[in-house]
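For reference, the structure discussed in these notes is given below.
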Amino acid sequence: MSNCLLRIISFLLLTLAGGTTLIAQNNAYGIKDDLYRIFSYASDNANHVEGLEAADSMYRKAVDMSDGKSMCLALTVPLRHYSSRDNLDSLLIYVERLNQTARATGNLQYSYFAETSRIIYHLRRHSYNEAIKSVNNIWHQAFDNDTLPYGRCAAIQSLGHLYVALNDRDLAIRQYKEALGYLRKNVTDQDESGLAVRLSDLYLNQGKLDSAAVYCDIALKNARTQRIQSIALIMRSRILFERGNIEEFNRAYKHAFDRIHNHDIVSDSSTIYLFLTDKAKADGDMRIALHYATRINNPADRHDAVAKVYEYFGEYDKALDATRKSRLAVDSLRREIILEQLSILDRQVLTHAARYGYRQALDTPTDTSESSFWFILFVILTVLFAIGCVAAFMQHRHISQKFRLRIEEAENRAEESRLAIEMAERARATAYIQTAGRNMRNPLNAIVGFTQLLSDTDTYLPPELRKKYSGIVRANSNLLLALVDDITDIAELEMQLCDISLSEVCPNAIVRDSIAMFEAQSLDNGYGNIRLHFKTEIPEDYTILSDSVHLRQVLNQLLSNAEKFTNNLDGGDITIEVSLSENFGRLTIAVSDTGIGIPPSQAEAIFGKFVKLNKAVPGNGLGLCVARMIVEHLDGEIFLDTSYTGGTRFIILLPVGVDDKR
């Protein structure tokens, strides 16, 4: 609420301020200063409701003033807002509105901005057919219908977006550089920072740090929006990390991280996750680095980031495996696109057509000697191509035979691998059944033995002994029932049969329900001397999308474990903490106790099946295994906090929505 009030107050101050301010002095769009102040505020807060309201206010004022360019600029804010969310209907509405407004007012460059936003949206969501249709439309419009240089530049740039989706960075770089060159030559007073930051990112991924730094500096120097400035600062930080300047990286990281919070860069951006991954690597925390690397949406980029994490920490076998997965993801992506649009996405044809189209559009005279040179070069290349075709035909059978043998060998190896996997799965299933049987045998033996004693009419048992034996039977029955429940839960979770029902839930309310149930059970179990504490940083009405039943099951399991290992004659403390600040972009629920603790070396082992570090404590060793499987089904994480030394502390991380920075 306080952040919301601050944004509203800032907006009012900017709107009411008179005279030439710093914002007005940076007015690069040539619109009226009071409208530019509103646009600057709306653009910086495009991911908030306040930004949309400011953009709507700017649009209405621009309509009253018949300012077509300001009307178009105002519509770019909601377009950016909905392009960063899974809201295709609203995005397409604003794409059409901006298209119509731009063409009605003669500001055609914003029509191409709308179409480019549509292309990027489809590519992010792997809707390649729709993206390709949009690219064809923008090319047809730019070169066949319009004469606007900005439109042709946008068309050239759209091919770069396609090459990025194909993970062909060389072609993407060439396309973006040609778009940048065309922009500088033919379009005056245009913002080139967007292209510069894309080139910096591509060069960084190729390891060409000098080129990445050059384009990063261009982006920082020419950026007209806080968003591009923030992304450029992130790129500069990542370049410093790749160069090994950790001290400078940490300073740049703080500056960029503060800018991310202040200007709300979209939280699911792969650029942000790579940035946070580098910070975790600099801090020497492989777990956190992998956490952020695996959040990247693009499969090829995700596996590539994971491989670099493993390589950084010396896990070379795992790095190699992740690299192979990255290559497979790229090949799979290209096969998918080629099968869908083979005639359109032949990259050589597409590149040559693009070159022919926009070089024709330059309308510059061609020197006769230069034309002769290109004609001779064409003839030479044609002859060489014909010779190559003949040579390829001559060797066709020989090569085909080699490939056939290789395919047969690969099929044989695949069959051997399949059989080995099946044998391993059977062995694992057998071991699981044997372990489950052993864990069932002990409570069953106790139940059968003491039941026989209690039912034997020939044997006299004093009342206190009969009560004791009945308690043993009841305890072992509960233990057996819990074991069966846990085995059933594991089977359902592994076979994807678990009924996960997502809805808006209140974390504070769920924690309080678990605490109430725990306190009642503690008295029954004789653990009433334990002190329970609850701390929360979130409002009472704060909600997330999760499953309240299964989340409560996980909390009950953690509280039960804490109770078993914390109880002593002097009592103990169990604390539950809920916060949004401990882990960026995730809701944190931490359960800590003052018990005997768990060795850091066992931090992962305790989540295995039938794992018990203390055989004397009641339990079947399945609780933490079930808890982790449930949390992973909720798209979260659960792990032991190895830095905590006051006992044991488990951390649950759960996703929050894109609008949950309230």
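Quick check: anything in the stretch 129-149 among the β-branched types (V, I, T), in contact with a Leu (Cβ under 8 Å, 6 or more places away or on another chain), under 18 Å from Y176 (Cα atoms) and touching a residue at least 12 places away in the same chain (Cβ under 8 Å)? Scanning the stretch 129-149 turns up at least one residue that is among the β-branched types (V, I, T), in contact with a Leu (Cβ under 8 Å, 6 or more places away or on another chain), under 18 Å from Y176 (Cα atoms) and touching a residue at least 12 places away in the same chain (Cβ under 8 Å).
Do the conditions hold for R184, that is, is it open to solvent by 10 Å² or more (accessible area, probe 1.4 Å) and either touching a Cys at 6+ places or on another chain (Cβ under 9 Å) or farther than 29 Å from E130 by Cα (or both)? Here the answer is yes, as R184 does meet what is asked. Taking first residues from the stretch 180-199 that are under 17 Å from K221 (Cα atoms) and polar (S, T, N, Q) and partners that are assigned to a helix (DSSP H, G or I) and open to solvent by 30 Å² or more (accessible area, probe 1.4 Å), the Cβ contacts under 6 Å between residues at least 6 apart in sequence or on separate chains come to S193/N222.
Determine whether G194 is under 25 Å from N136 (Cα atoms) and small (G, A, S). Yes, satisfied.
The rows are residues; the columns are (1) at pLDDT below 70; (2) under 17 Å from T116 (Cβ atoms); (3) open to solvent by less than 50 Å² (accessible area, probe 1.4 Å); (4) not in a helix (DSSP H, G or I).
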| residue | (1), (2), (3), (4) |
| --- | --- |
| N3 | yes, no, no, no |
| I8 | yes, no, no, no |
| F11 | yes, no, yes, no |
| N27 | yes, no, yes, yes |
| S40 | no, no, yes, no |
| D56 | no, no, no, no |
| V77 | no, yes, yes, no |
| R80 | no, yes, no, no |
| N99 | no, yes, yes, no |
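The stretch 125-221 holds helices (runs of 4 or more DSSP H) entirely within its bounds, and those carrying 2 or more residues that are among the polar types (S, T, N, Q) and out of contact with any Gly (no Cβ under 6 Å at 6 or more places or on another chain) map to 128-140, 149-165, 193-205.
Taking the criterion of being without any contact (Cβ under 8 Å) to a residue 60 or more places away in the chain and either in a helix (DSSP H, G or I) or of a type in the set (V, I, T) (or both), the residues of the stretch 284-300 that qualify are M286, I288, A289, L290, Y292, A293, T294, I296, P299. For the stretch 572-579, the criterion of a residue being among the hydroxyl-bearing types (S, T, Y) and either touching a Leu at 6+ places or on another chain (Cβ under 6 Å) or open to solvent by 40 Å² or more (accessible area, probe 1.4 Å) (or both) is satisfied by no position.
Is at least one residue of the stretch 263-277 outside any helix (DSSP H, G or I), open to solvent by 50 Å² or more (accessible area, probe 1.4 Å) and more than 28 Å from H126 (Cα to Cα)? No. The residues of the stretch 187-206 that are modelled with pLDDT of 85 or more and open to solvent by 50 Å² or more (accessible area, probe 1.4 Å), listed by number, are R198, Q206.
The values are calculated or read from the model by the stated rules, or taken from the named source; none is laboratory data. Owing to the predicted nature of the structure, the values given are computational and were not obtained by experimental measurement. Cβ atoms come from the backbone with ideal geometry, glycine included; neighbour counts cover every protein chain shown. All accessible areas refer to the heavy atoms of the entire protein, side chains included, with ligands and DNA or RNA removed. Shrake-Rupley method; radii C 1.70, N 1.55, O 1.52, S 1.80 Å.
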